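We did not get these values from a lab; they are worked out from the coordinates using the rules stated. Keep in mind the model is a prediction, meaning the values are calculated, not measured. Reconstructed Cβ throughout: ideal geometry from the backbone, glycine too, with neighbour counts over all protein chains shown.
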Amino acid sequence: MPPRNRRVWGKRRSPLTAFSSWILRLGVVRQCLTARALLSGAASACRPQLPARSTLSSAVHILLFFVVLGHASLGAAPASAQEWPPDPRFGAVEAFRDPVAAAEAGVAWDRILFYWSELQPTGPQDWNGYHVPDDWLQQADQDGREVVGLLKHTPAWATDGPPGCGEPRGLDLPIDDPGNLWAAFVRRTVTIYGDRIHRWIIWNEPDIDLETYGNEWCGSLASYYRLLKVAYLAAHQIDPDVKIHLAGLTFWHDREYLDRFLAHAVQDPTGAEHGYYFDAVSLHIYFQTESVPFIINEARAALRAQGIDKPIWVNEMNASPDTDPEWPLVRPRWRVSLEEQASFILQSFALALSSGAERMAVYKLSDAGLPPGGEPFGLLRPDGSRRPAYEAYSLLTTHFAGTGHAREEPHSLYRVVTLQRDVGTTRVVWARTGSEVSVALPASGAQARLIDQAGVEQQIEPVDGSYFLTLPGARCADEYLGCIIGGPTFLLVETDAEPISEPAATPIVTVTRVAPTTDGTTISPLATPTVQSTLPPSPTVPPTSTPTPRPTDTPTPTLSPPPTSTGTPTPSRTATATPSLTATATERPTPTDTTPALTETPSQGGSGLVPGFGGSAVLVILGLGAASVALWIMARSREGA
């Protein structure tokens, strides 16, 4: 597969500008005659003054300028691919660990931990600026990544409880009282970093109880509300435009935590005037693709129950693999292959968009510093090598960018998420069960790009107004829940296509049941019934398969002929322990004031130098250049005569 053009955003001089400077140094034209002026028609105001040299030499220089300019117009990558910012919705935790890989993947925002115990390890007068080096923030600014800070971890000197998770001393004092140690810390942090960071998450996962591994907050729910309130008020003293986010919630550790927290918040008589002291809800969602819309909808229902309207961010999403041959891992559950991790990234981000999440991030970009045997969530391994999930993330930042409306079409055997974008339509499609399934997707254009999760693509054309695809089934290797992640994921990209309307009827699908084998491969089909997909979406458990000992190649979808409908009934399915999902078609919230990125599109004969310039325009440039040389030589000949 040829390498894709990677988008790198930075404050750099474009190749065109550098070339223009080189021409000027030759003395061929004056400073007013740049390539940009030439293309815009402003060159007529310039009067070239050539140095005293031979007529032939000067003519050659001018001709060289036009030849190189025409070559750049034909072959250069679009300037916009270098200059447009990434879509602000898509982030990666700890992107600072590999800023080059982050920029190439289109990471738009980063989350960085600010440990109170590291910033002030010995007392309130201490400050360890090396904990979060300025280089991280400067690099993020240069690359166009927003940094979101997360404040947590009480130092031993600031609490009467356990260090790290203990409630800060003086939390109930007025925020201007020096004894309110938390307020003083927040003020100082925002004073130091407030010119570069305008969003702060207050603590992490307070819904994990004291007796459970991973607990980070040892105070009560009421004391967490006070912690949030103090942070909100103290931060606004320094930065009136600061945004304060609730701590990321795991949901499954305490499904009613957010309900109880909001019920407590609305009892505060000063809460309503301050938006209940937070600006966004934060969620952490792992391993189960179909839990993404379920958890987002549960959070939105909790907000609506109290009459509160806040954006929802999914700050952490991932499914760490346990079959990476380069990073062995033994754990009691959650069987995930490298390919399934890549599938999860595409599926979860698409479902988060269709469920109305304002922003979302993968946890995390890199496993740098991870000790042997640690859980490998990174898109990059500790040695910097890229897992398949990195390519999947790069695909979504390219082909999900600019989404203005996202809609999930629920089907019992497969999922389709349709993303209406400013440059066309992307449909994200995968099988939900262990069965191969053939689907028909209505076409809105004359052709489409079919891209697999490894980035391999092909051009396909519709038949009778539809694209017919056969989707490989999911691996379904988890011993407890079966299909925790859908099958290999594919993107159907139609550029400048007409918006796809809501489906008028449920499409016909063909299901092929395949028998699992112990080595992860499949054998001959057992049956090929044709069914009408009319059941509401619900989690299913297909035949159990034995975990694959090593990653397998990503299957390729096959283009299927239009299926013929028969009266065969839908295969029965066994319910799992996963909660029933109510898939809702939710419009994405109003975009933020940061301009979304435009994705790269396949060349349609246009110029890489200026959008809209094709081969004919290049010929015009070369022709004008040659004519100018000829006229200039004639003029100099007359002068010599």
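Overall, the ratio between the Cα radius of gyration of region 94-189 and 2.2 N^0.38 Å, rounded to two decimals, is 1.26. Between Asp239 and Glu461, the FRET efficiency from the beta-carbon distance, with R0 = 56 Å, is close to 0.55.
The orientation-averaged projected area of the convex hull spanned by the Cα atoms of region 147-244 comes to 6.0 nm².
Working from label points 7 Å from Cα in the Cα-to-Cβ sense, the Ala272 to Asp209 distance is 3.4 nm. For region 209-295, GluC sites (Glu not before Pro) are listed when DSSP marks them as loop and at most 11 other Cβ atoms sit within 10 Å of their Cβ; the list is Glu211. Of the trypsin sites (Lys or Arg not before Pro) found in region 323-377, those in coil by DSSP whose Cβ has at most 15 other Cβ atoms within 10 Å are Arg333.
Projected onto planes of every orientation and averaged, the convex hull of the alpha-carbon atoms in region 359-428 covers 6.4 nm². Computed log10 I(q)/I(0) for region 229-363 at 0.18, 0.19 Å⁻¹: -0.99, -1.06, from the Debye equation with unit scatterers placed on every C-alpha and solvent omitted. Of the GluC sites (Glu not before Pro) found in region 435-485, the ones in coil according to DSSP and having at most 15 other Cβ atoms within 10 Å of their Cβ are Glu479.
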